[in-house]
Amino acid sequence: MIDSYGRNIDYIRISVTDRCNLRCIYCMPEDGVALADHRDVLSYEEIEKICRILVRLGVKKVKLTGGEPLVRKDLKELVKQLKRIEGLEEITLTSNGVLLKEFIGPLVQAGISGVNVSLDTLSSGVFREITRRDVLEQVMEGIEEALKYPDISLKVNCVPLGIPGQEIQKLADLARENRIHVRFIEMMPIGYGKQYRCLTQDEIMKQLTEAYGIMYPVCETLGNGPACYYKPEKFRGSIGFISAVSHKFCSECNRVRLTSQGFLKTCLQYDTGRDLRRLLRAGATDEELQEEMSKAILEKPREHHFADPKIQEEDGRMMWQIGG
Ligand code: SAM
Ligand code: SF4
(Lines give C-alpha, C1' and ligand atoms only; values in the text may rest on other atoms or scores of the structure.)
(Ligands and ions follow the chains in the order given, each with its own letter.)
Protein backbone atom coordinates (compact mmCIF):
# COMPACT_ATOMS: atom_id res chain seq x y z
CA MET A 1 0.00 0.00 0.00
CA ILE A 2 1.35 3.38 -1.01
CA ASP A 3 0.58 6.27 1.34
CA SER A 4 -0.17 9.83 0.26
CA TYR A 5 3.55 10.70 0.20
CA GLY A 6 4.46 7.79 -2.08
CA ARG A 7 5.88 5.57 0.66
CA ASN A 8 5.38 1.82 0.39
CA ILE A 9 4.06 0.59 3.74
CA ASP A 10 5.18 -3.03 3.99
CA TYR A 11 6.28 -3.40 7.62
CA ILE A 12 4.40 -3.48 10.91
CA ARG A 13 5.68 -3.60 14.48
CA ILE A 14 3.16 -5.42 16.64
CA SER A 15 3.29 -5.00 20.39
CA VAL A 16 1.89 -8.10 22.08
CA THR A 17 2.01 -6.81 25.66
CA ASP A 18 2.76 -3.72 27.72
CA ARG A 19 4.29 -5.87 30.50
CA CYS A 20 8.06 -6.02 30.93
CA ASN A 21 10.53 -7.81 33.19
CA LEU A 22 13.01 -4.89 33.08
CA ARG A 23 12.58 -1.23 33.98
CA CYS A 24 14.99 0.61 31.66
CA ILE A 25 15.46 4.13 32.97
CA TYR A 26 14.72 5.79 29.61
CA CYS A 27 11.62 3.71 28.95
CA MET A 28 9.65 2.81 32.10
CA PRO A 29 9.25 4.18 35.61
CA GLU A 30 10.69 2.20 38.51
CA ASP A 31 7.28 1.39 39.91
CA GLY A 32 3.69 2.50 39.74
CA VAL A 33 3.31 1.40 36.11
CA ALA A 34 -0.31 1.65 34.97
CA LEU A 35 -0.66 -1.55 32.97
CA ALA A 36 -3.51 -2.35 30.62
CA ASP A 37 -6.34 -4.53 31.79
CA HIS A 38 -5.95 -8.02 30.23
CA ARG A 39 -9.37 -7.66 28.61
CA ASP A 40 -8.15 -4.61 26.71
CA VAL A 41 -5.20 -6.41 25.17
CA LEU A 42 -5.73 -7.98 21.74
CA SER A 43 -6.00 -11.77 21.68
CA TYR A 44 -3.79 -13.73 19.27
CA GLU A 45 -6.87 -14.33 17.11
CA GLU A 46 -7.51 -10.58 16.91
CA ILE A 47 -3.86 -9.88 16.05
CA GLU A 48 -3.95 -12.55 13.35
CA LYS A 49 -7.11 -11.12 11.85
CA ILE A 50 -5.67 -7.59 11.71
CA CYS A 51 -2.46 -8.94 10.23
CA ARG A 52 -4.26 -10.92 7.56
CA ILE A 53 -5.98 -7.75 6.38
CA LEU A 54 -2.79 -5.70 6.53
CA VAL A 55 -1.04 -8.31 4.39
CA ARG A 56 -3.83 -7.86 1.81
CA LEU A 57 -2.91 -4.16 1.90
CA GLY A 58 0.75 -4.92 1.21
CA VAL A 59 2.42 -5.59 4.55
CA LYS A 60 5.14 -8.23 4.12
CA LYS A 61 7.13 -8.09 7.34
CA VAL A 62 6.14 -8.23 11.01
CA LYS A 63 8.23 -7.48 14.07
CA LEU A 64 6.85 -8.66 17.40
CA THR A 65 7.62 -6.32 20.26
CA GLY A 66 6.31 -5.19 23.67
CA GLY A 67 6.79 -4.34 26.60
CA GLU A 68 8.76 -7.53 26.58
CA PRO A 69 7.16 -9.90 24.04
CA LEU A 70 8.60 -13.01 25.70
CA VAL A 71 6.62 -12.43 28.90
CA ARG A 72 3.39 -13.03 26.98
CA LYS A 73 2.25 -16.63 27.30
CA ASP A 74 2.77 -18.95 24.33
CA LEU A 75 4.18 -16.38 21.95
CA LYS A 76 5.20 -19.21 19.64
CA GLU A 77 1.49 -19.95 19.07
CA LEU A 78 1.04 -16.43 17.67
CA VAL A 79 4.10 -16.93 15.45
CA LYS A 80 2.59 -20.19 14.14
CA GLN A 81 -0.72 -18.44 13.46
CA LEU A 82 0.98 -15.58 11.62
CA LYS A 83 3.17 -17.99 9.65
CA ARG A 84 0.03 -19.36 8.03
CA ILE A 85 -0.81 -16.00 6.45
CA GLU A 86 -0.08 -16.23 2.77
CA GLY A 87 2.00 -13.27 1.58
CA LEU A 88 3.59 -12.56 4.96
CA GLU A 89 7.27 -13.04 4.22
CA GLU A 90 9.03 -12.46 7.51
CA ILE A 91 8.34 -12.55 11.25
CA THR A 92 11.03 -11.26 13.58
CA LEU A 93 11.22 -10.35 17.24
CA THR A 94 12.71 -7.63 19.41
CA SER A 95 13.43 -8.65 22.98
CA ASN A 96 15.47 -7.65 25.98
CA GLY A 97 16.90 -11.17 25.86
CA VAL A 98 16.22 -12.13 29.48
CA LEU A 99 14.01 -15.09 28.52
CA LEU A 100 15.59 -15.76 25.14
CA LYS A 101 17.54 -18.86 26.16
CA GLU A 102 14.31 -20.63 27.05
CA PHE A 103 12.22 -19.49 24.10
CA ILE A 104 14.50 -19.10 21.08
CA GLY A 105 14.30 -22.79 20.08
CA PRO A 106 10.49 -23.01 20.04
CA LEU A 107 10.26 -19.61 18.32
CA VAL A 108 12.65 -20.63 15.55
CA GLN A 109 10.68 -23.83 15.14
CA ALA A 110 7.48 -21.79 14.93
CA GLY A 111 9.00 -19.68 12.14
CA ILE A 112 10.73 -16.50 13.29
CA SER A 113 13.65 -15.54 11.10
CA GLY A 114 15.44 -12.95 13.19
CA VAL A 115 15.90 -11.53 16.67
CA ASN A 116 16.94 -8.09 17.84
CA VAL A 117 18.26 -8.12 21.39
CA SER A 118 18.23 -4.78 23.17
CA LEU A 119 21.43 -4.56 25.18
CA ASP A 120 23.03 -1.30 26.22
CA THR A 121 26.19 -2.49 27.96
CA LEU A 122 28.28 -5.55 28.79
CA SER A 123 29.09 -4.27 32.28
CA SER A 124 26.85 -5.90 34.88
CA GLY A 125 26.94 -2.83 37.15
CA VAL A 126 25.92 -0.43 34.38
CA PHE A 127 23.35 -2.95 33.12
CA ARG A 128 21.79 -2.92 36.61
CA GLU A 129 21.89 0.87 36.63
CA ILE A 130 20.13 1.12 33.24
CA THR A 131 17.60 -1.71 33.53
CA ARG A 132 17.13 -1.69 37.33
CA ARG A 133 17.54 -5.48 37.26
CA ASP A 134 20.53 -7.78 37.76
CA VAL A 135 20.11 -10.16 34.83
CA LEU A 136 22.91 -9.45 32.34
CA GLU A 137 24.06 -13.06 32.57
CA GLN A 138 20.68 -14.35 31.41
CA VAL A 139 20.75 -11.96 28.44
CA MET A 140 24.23 -13.16 27.43
CA GLU A 141 23.11 -16.78 27.70
CA GLY A 142 20.14 -15.89 25.49
CA ILE A 143 22.45 -14.40 22.85
CA GLU A 144 24.72 -17.45 22.99
CA GLU A 145 21.73 -19.72 22.55
CA ALA A 146 20.44 -17.67 19.61
CA LEU A 147 23.86 -17.97 17.92
CA LYS A 148 23.29 -21.71 17.77
CA TYR A 149 20.66 -21.13 15.07
CA PRO A 150 22.65 -20.18 11.96
CA ASP A 151 19.57 -19.40 9.90
CA ILE A 152 18.24 -16.58 12.04
CA SER A 153 19.68 -13.09 11.87
CA LEU A 154 20.84 -11.60 15.13
CA LYS A 155 21.10 -7.91 15.94
CA VAL A 156 22.05 -6.19 19.17
CA ASN A 157 20.47 -2.78 19.66
CA CYS A 158 22.12 -0.31 22.01
CA VAL A 159 20.89 3.10 23.08
CA PRO A 160 24.21 4.92 23.63
CA LEU A 161 23.41 6.88 26.75
CA GLY A 162 27.04 7.86 27.13
CA ILE A 163 27.04 7.16 30.86
CA PRO A 164 30.39 6.27 32.43
CA GLY A 165 31.20 2.59 32.07
CA GLN A 166 28.69 1.84 29.31
CA GLU A 167 31.69 1.03 27.10
CA ILE A 168 30.04 0.95 23.72
CA GLN A 169 33.19 -0.33 22.04
CA LYS A 170 32.89 -3.58 23.98
CA LEU A 171 29.39 -3.95 22.52
CA ALA A 172 30.74 -3.19 19.06
CA ASP A 173 33.31 -5.97 19.61
CA LEU A 174 30.41 -8.45 19.59
CA ALA A 175 30.17 -7.79 15.86
CA ARG A 176 33.86 -8.45 15.35
CA GLU A 177 33.77 -11.89 16.86
CA ASN A 178 30.26 -13.06 15.92
CA ARG A 179 27.81 -12.84 13.05
CA ILE A 180 25.95 -10.13 14.99
CA HIS A 181 24.95 -6.71 13.72
CA VAL A 182 25.40 -4.20 16.52
CA ARG A 183 23.28 -1.08 16.07
CA PHE A 184 23.32 2.19 17.93
CA ILE A 185 19.83 3.63 18.26
CA GLU A 186 19.47 7.33 18.90
CA MET A 187 17.29 8.22 21.86
CA MET A 188 13.85 9.46 20.84
CA PRO A 189 12.41 12.30 22.94
CA ILE A 190 9.49 10.19 24.07
CA GLY A 191 8.50 9.76 27.72
CA TYR A 192 11.49 9.22 29.99
CA GLY A 193 13.80 9.31 26.96
CA LYS A 194 13.49 13.10 26.96
CA GLN A 195 15.68 13.31 30.05
CA TYR A 196 18.79 11.89 28.42
CA ARG A 197 21.36 13.20 26.03
CA CYS A 198 22.84 10.41 24.00
CA LEU A 199 26.14 10.05 22.21
CA THR A 200 25.69 11.15 18.61
CA GLN A 201 26.33 8.98 15.56
CA ASP A 202 29.37 11.13 14.75
CA GLU A 203 30.81 10.73 18.25
CA ILE A 204 30.40 6.95 18.08
CA MET A 205 31.82 6.76 14.56
CA LYS A 206 34.88 8.70 15.70
CA GLN A 207 35.40 6.43 18.68
CA LEU A 208 35.01 3.25 16.61
CA THR A 209 37.18 4.51 13.74
CA GLU A 210 39.95 5.21 16.22
CA ALA A 211 39.62 1.67 17.52
CA TYR A 212 39.06 -0.30 14.32
CA GLY A 213 40.33 1.81 11.43
CA ILE A 214 38.24 2.48 8.33
CA MET A 215 34.53 1.72 8.71
CA TYR A 216 33.54 0.46 5.24
CA PRO A 217 29.89 1.20 4.35
CA VAL A 218 27.80 -1.92 3.71
CA CYS A 219 25.42 -1.68 0.78
CA GLU A 220 23.19 -4.73 1.26
CA THR A 221 19.88 -4.38 3.12
CA LEU A 222 20.21 -5.86 6.58
CA GLY A 223 17.00 -4.87 8.30
CA ASN A 224 13.44 -3.64 7.87
CA GLY A 225 14.31 0.02 7.84
CA PRO A 226 16.86 2.61 6.83
CA ALA A 227 19.73 1.84 9.20
CA CYS A 228 23.17 2.53 7.73
CA TYR A 229 25.74 -0.18 8.29
CA TYR A 230 29.53 -0.26 8.35
CA LYS A 231 32.01 -3.08 8.50
CA PRO A 232 35.54 -2.56 9.77
CA GLU A 233 38.13 -5.00 8.49
CA LYS A 234 37.98 -8.56 9.90
CA PHE A 235 34.49 -8.09 11.32
CA ARG A 236 32.06 -11.00 10.97
CA GLY A 237 29.06 -8.79 11.68
CA SER A 238 28.61 -5.07 11.16
CA ILE A 239 27.92 -1.83 12.97
CA GLY A 240 24.71 0.07 12.29
CA PHE A 241 23.18 3.40 13.19
CA ILE A 242 19.53 4.33 13.47
CA SER A 243 19.41 8.03 14.11
CA ALA A 244 15.78 8.93 13.59
CA VAL A 245 16.12 12.48 14.92
CA SER A 246 19.54 13.71 13.74
CA HIS A 247 19.45 11.73 10.47
CA LYS A 248 15.71 11.78 9.94
CA PHE A 249 14.44 9.17 7.45
CA CYS A 250 10.68 9.91 7.41
CA SER A 251 10.66 10.17 3.61
CA GLU A 252 11.61 6.48 3.49
CA CYS A 253 9.42 5.36 6.39
CA ASN A 254 7.82 2.02 5.51
CA ARG A 255 6.19 1.18 8.83
CA VAL A 256 3.11 1.34 10.96
CA ARG A 257 2.63 0.05 14.50
CA LEU A 258 -0.04 -1.88 16.34
CA THR A 259 -0.19 -1.37 20.10
CA SER A 260 -1.10 -4.25 22.40
CA GLN A 261 -4.46 -2.56 22.90
CA GLY A 262 -5.16 -2.54 19.19
CA PHE A 263 -4.39 1.00 18.08
CA LEU A 264 -2.96 1.15 14.55
CA LYS A 265 -0.38 3.90 15.02
CA THR A 266 0.97 5.50 11.88
CA CYS A 267 3.68 7.82 13.26
CA LEU A 268 5.87 7.54 16.33
CA GLN A 269 5.25 11.13 17.36
CA TYR A 270 1.56 11.67 16.67
CA ASP A 271 -1.66 10.08 17.85
CA THR A 272 -2.80 9.45 14.28
CA GLY A 273 -4.27 6.09 13.34
CA ARG A 274 -7.27 3.92 14.15
CA ASP A 275 -8.63 2.15 17.19
CA LEU A 276 -8.93 -1.26 15.54
CA ARG A 277 -9.91 -3.01 18.78
CA ARG A 278 -13.02 -0.88 19.07
CA LEU A 279 -13.95 -1.58 15.46
CA LEU A 280 -13.22 -5.31 15.77
CA ARG A 281 -15.18 -5.73 18.97
CA ALA A 282 -18.08 -3.70 17.59
CA GLY A 283 -18.38 -6.36 14.89
CA ALA A 284 -16.81 -4.60 11.88
CA THR A 285 -16.50 -6.84 8.82
CA ASP A 286 -13.12 -7.56 7.22
CA GLU A 287 -14.01 -5.13 4.42
CA GLU A 288 -14.84 -2.36 6.91
CA LEU A 289 -11.62 -3.01 8.82
CA GLN A 290 -9.61 -2.95 5.60
CA GLU A 291 -11.21 0.33 4.60
CA GLU A 292 -10.35 1.94 7.96
CA MET A 293 -6.80 0.61 7.86
CA SER A 294 -6.19 1.95 4.39
CA LYS A 295 -7.65 5.34 5.35
CA ALA A 296 -5.34 5.42 8.38
CA ILE A 297 -2.32 4.61 6.20
CA LEU A 298 -3.30 7.31 3.72
CA GLU A 299 -3.46 9.79 6.60
CA LYS A 300 0.03 8.79 7.85
CA PRO A 301 1.84 12.05 8.68
CA ARG A 302 4.57 13.17 6.32
CA GLU A 303 7.19 13.33 9.10
CA HIS A 304 7.88 13.67 12.80
CA HIS A 305 8.97 16.98 14.32
CA PHE A 306 10.87 15.72 17.35
CA ALA A 307 13.73 18.11 16.65
CA ASP A 308 11.46 21.16 16.26
CA PRO A 309 10.99 22.94 19.60
CA LYS A 310 7.96 24.81 18.18
CA ILE A 311 6.06 21.56 17.70
CA GLN A 312 5.65 19.91 21.07
CA GLU A 313 2.64 17.81 20.12
CA GLU A 314 2.94 14.18 21.13
CA ASP A 315 1.11 10.97 21.63
CA GLY A 316 0.51 10.28 25.34
CA ARG A 317 1.82 6.72 24.90
CA MET A 318 5.20 5.74 26.31
CA MET A 319 7.80 3.64 24.47
CA TRP A 320 6.90 0.48 26.43
CA GLN A 321 3.30 0.95 25.29
CA ILE A 322 4.28 1.57 21.67
CA GLY A 323 6.97 -1.09 21.23
CA GLY A 324 9.87 1.04 19.95
N1 SAM B 1 11.38 -4.99 25.50
C2 SAM B 1 11.80 -5.16 24.16
C3 SAM B 1 13.19 -4.63 23.94
O4 SAM B 1 13.71 -3.96 24.84
O5 SAM B 1 13.73 -4.88 22.86
C6 SAM B 1 10.86 -4.55 23.13
C7 SAM B 1 10.25 -3.20 23.44
S8 SAM B 1 11.40 -1.86 23.63
C9 SAM B 1 10.33 -0.50 23.85
C10 SAM B 1 12.02 -1.69 21.96
C11 SAM B 1 13.23 -0.83 21.82
O12 SAM B 1 12.90 0.50 22.13
C13 SAM B 1 14.42 -1.20 22.70
O14 SAM B 1 15.54 -1.44 21.89
C15 SAM B 1 14.65 0.04 23.55
O16 SAM B 1 16.00 0.24 23.83
C17 SAM B 1 14.07 1.11 22.67
N18 SAM B 1 13.67 2.33 23.35
C19 SAM B 1 12.94 2.50 24.47
N20 SAM B 1 12.77 3.82 24.75
C21 SAM B 1 13.41 4.49 23.76
C22 SAM B 1 13.61 5.88 23.46
N23 SAM B 1 13.10 6.84 24.20
N24 SAM B 1 14.31 6.18 22.34
C25 SAM B 1 14.84 5.22 21.55
N26 SAM B 1 14.68 3.91 21.78
C27 SAM B 1 13.99 3.55 22.87
FE1 SF4 C 1 11.29 -3.19 28.90
FE2 SF4 C 1 12.25 -2.93 26.43
FE3 SF4 C 1 11.36 -0.79 27.80
FE4 SF4 C 1 13.59 -1.93 28.61
S5 SF4 C 1 13.26 -0.95 26.62
S6 SF4 C 1 11.86 -1.33 29.92
S7 SF4 C 1 13.21 -4.02 28.13
S8 SF4 C 1 10.14 -2.47 27.11
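The values are calculated or read from the model by the stated rules, or taken from the named source; none is laboratory data. These figures come from a predicted structure and were not determined experimentally. Note: ideal-geometry Cβ built from the backbone for every residue, glycine included; neighbour counts use all protein chains shown. Ligands, DNA and RNA are stripped out before the accessible areas are found, and what is left, the full protein with its side chains, is counted by its heavy atoms. Shrake-Rupley method; radii C 1.70, N 1.55, O 1.52, S 1.80 Å.
Return, ordered by residue number, the residues of region 1-43 whose backbone nitrogen is under 19 Å from a label point located 7 Å along Cα→Cβ of Ala284.
1-4, 9-16, 40-43
For region 11-322, which whole-number percentage of the solvent-accessible area (1.4 Å probe, protein heavy atoms only) is attributable to carbon and sulfur atoms?
With neighbouring chains kept in place, the figure for region 11-322 is 48 percent.
Suppose R0 equals 51 Å; then what is the FRET efficiency for Ile214 and Val33 from their Cβ-Cβ distance, rounded to the nearest 0.05?
Using R0 = 51 Å, I get an efficiency of 0.70.
Which trypsin sites (Lys or Arg not before Pro) in region 159-204 pass both tests, a DSSP loop state and at most 11 other beta-carbon atoms within 10 Å?
Arg197
What is the spin-label model distance, in nm, from Lys248 to Glu89 if the labels are put 7 Å beyond Cα along the C-beta direction?
2.9 nm
Compare Thr209, Thr200, Thr65 in a GNM of the chain, Cα atoms joined below 10 Å, and give the one with the largest fluctuation.
Comparing Thr209, Thr200, Thr65 in a Gaussian network model of the chain, the most mobile one is Thr209.
Take Lys148 and Glu313, extend 7 Å from each Cα along the Cα→Cβ direction, and tell me the distance between the two endpoints in nm.
Going from the Lys148 label point to the Glu313 one covers 5.0 nm.
Quick one: which of Lys206/Lys234; Lys63/Lys170; Lys61/Lys155; Lys49/Lys76; Lys206/Lys310 span more than 24 angstrom between C-alpha atoms?
Flagged as over cut-off: Lys63/Lys170; Lys206/Lys310.
Label points 7 Å out from Cα along the Cβ direction at Lys234 and Gln195: separation in nm?
Here the modelled spin labels are 4.2 nm apart.
Per DSSP H run of at least 4 residues, take -39500 (n - 2.57); add these up for the chain, divide by its residues and hand me the 222 nm value, nearest 500 deg cm²/dmol.
Taking each H run of at least 4 residues, the total per residue is -8500 deg cm²/dmol.
May I ask you to list the residues of region 75-111 whose amide nitrogen lies under 20 Å from a point 7 Å from Cα along the Cα→beta-carbon direction of Glu45?
Correct set: 75-86.
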